[in-house]
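Comments concern the structure below.
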Amino acid sequence: MSNLDTLLENLAKARSSIESAMADKRKRGELFNVFELCGVNHYETMHSSILAEFLSPSGLHGMGDYLLQQFAKCFVIGEYSNNAEVKTELSEKIGGQSIGRFDILIQDASTGHICIIENKIHAGEQPEQLRRYGRWLDKKAKESCNGKRWTVHLVFLTLDGHESETAEENRKYVAIPYLSPKKQNEVGEDVIGWLKRCADCEKMKPTVRNALLQYSDHIKNIATGEREMSEQICKVLQKGSMKSAQDAYENFERACIDAADKILVDDVKKSLPSGWKVYKGCSWKRKEQGVLYVPPEGPSLKGQIYVIFDQTQLYGCEIVLFQEKKDESLPILIKKKEITNWEKRGWNVDCEKWSEYPLWRPVRCGMKRSDNQNAFEYGTNWDGLFFDRYYNDEKFRKDVVDEIVQGIHELYEIQKALS
């Protein structure tokens with residue numbers, strides 16, 4: 001057995017051991033949690049919505065600005081009142097140019113304080129993300145609020161509280177952990193500390209207290225589970241062949257792309273009628289992420305059918321219909337409600353702007369959010385978990401191919417209707 005085989009076998013044993021321990025906890029009911037049941041795992045948008053509801057003075061918790069006040073005191077991010085507004089997924093621009101979408105924005109005209117919270121549970125930062133947010137805050141700091149300048153704050157919220165890689169060198173911001181790896185649960189040290197401080201308030205409503213504690217436990221399970229898994233894997237790597245581990249790391253992404261190509265080019269084509277052609281577009285060297293499906297009529301039909309991914313790492317699998325130019329027949333078809341279960345992205349039937357791919361649908365592969373912690377909302381990620389299931393679960397494999405083939409057939413019918 002090669003060093004790589006031994007290494008992979010030991011890694012599989014370590015993962016199996018941890019998963020077995022988690023299964024035992026689940027049987028004992030130790031993992032029962034409403035947030036877990038609702039699939040609130042590594043989706044930043046879901047966590048941001050929960051935090052924003054807690055922080056909002058007008059939240060259904062009925063505690064006014066108490067939770068926000070405690071958060072501000074714990075992490076020293078300004079002064080806020082019962083008039084503070086808390087918003088999520090807010091898009092902003094500078095000079096007409098988009099600078100991104102804030103996960104959470106807290107703004108209080110009464111106190112003149114404003115705070116952006118960038119929430120990162122698992123995903124990495126976007127290019128120059130905090131730098132762009134900082135520029136927006138700098139612009140805001142020059143504006144007046146009730147006769148005085150806004151006081152601005154920037155928060156970078158992660159599981160372990162690590163520093164941002166995209167903030168400007170002299171930019172002042174607060175790095176907050178959900179669960180501090182140094183002083184777990186110490187009040188003021190992390191989000192869990194803030195949640196428990198709030199839950200301990202004598203005036204806290206019982207239903208709200210339960211929600212705070214449940215969310216706190218859920219965060220702890222996510223954070224400690226990841227750390228335990230990471231520590232065990234590091235121990236296996238250090239005891240085995242580090243060179244083999246490096247070889248596996250350097251080739252993993254390419255192996256995933258090759259596997260995706262095989263599924264989309266070979267497995268899906270077998271389920272299509274004769275005469276269909278398939279062109280591989282998932283490229284190792286380029287960022288082109290798609291596989292083109294051409295019906296027997298070929299270019300005589302309007303549009304092109306693709307299965308695409310958001311990035312090279314096979315994020316968010318979708319099936320789409322590309323259009324190279326504006327075509328009024330598709331909006332007419334949509335208005336007649338002859339097209340169902342398909343989304344329109346970047347395009348409105350009442351506008352003259354025509355998107356590159358006006359029709360799309362996420363490929364879920366029968367997976368729920370809780371099945372794939374890295375999944376984007378637009379479609380299931382094809383990661384290690386996905387491929388393990390695909391090669392070891394016959395039903396799952398069939399579901400994947402069937403879903404893609406069905407989508408191709410539906411877009412084919414739309415192509416014919418347009419043509």
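Throughout, read-outs are computed from the coordinates displayed, never taken from laboratory work. Because the structure is a prediction, the values reported are computed rather than measured. Heads up, the Cβs are rebuilt from the backbone with ideal geometry, glycines too, and the neighbour counts pull from every protein chain shown.
When you count the other C-beta atoms within 10 angstrom of each residue and take the mean per peptide, 297-305, 380-388 line up highest first as 380-388, 297-305. Computed from phi, the 3J(HN,Hα) profile of segment 78-84 under the Karplus parametrisation 6.51, -1.76, 1.60 (θ = phi - 60°) reads x, 10, 9, 10, 5, 8, 5 Hz, with x in place of Gly and Pro. Counting only Cα atoms, segment 35-120 measures 43, 28, 22 Å along its principal axes, largest extent leading.
For segment 34-232, the antiparallel share of DSSP beta bridges with both residues in that region comes to about 55%.
From the residues ILE104, ILE192, ILE50, which one has its Cα farthest along the dipole of segment 34-232 in the positive direction, the dipole being from +1 and -1 charges on Cβ of Lys/Arg and Asp/Glu about the Cα centre? Among ILE104, ILE192, ILE50, the one farthest towards the positive end of the dipole of segment 34-232 is ILE104.
Close amide H pairs (under 5 Å, H built 1.01 Å from N) link HIS113 with ASP108, THR151, residues at least 5 positions away or on another chain. Residues whose amide H lies under 5 Å from that of CYS145, counting only those 5 or more places away or on a different chain, are TRP150; hydrogens are built 1.01 Å from N in the peptide plane. Pairs exceeding a 26 Å alpha-carbon distance, out of LYS270/LYS416; LYS139/LYS220; LYS87/LYS120; LYS87/LYS142; LYS87/LYS148: LYS139/LYS220.
When peptides 124-132, 404-412 are ranked by their average number of other Cβ atoms within 10 Å per residue, the highest-first order is 404-412, 124-132.
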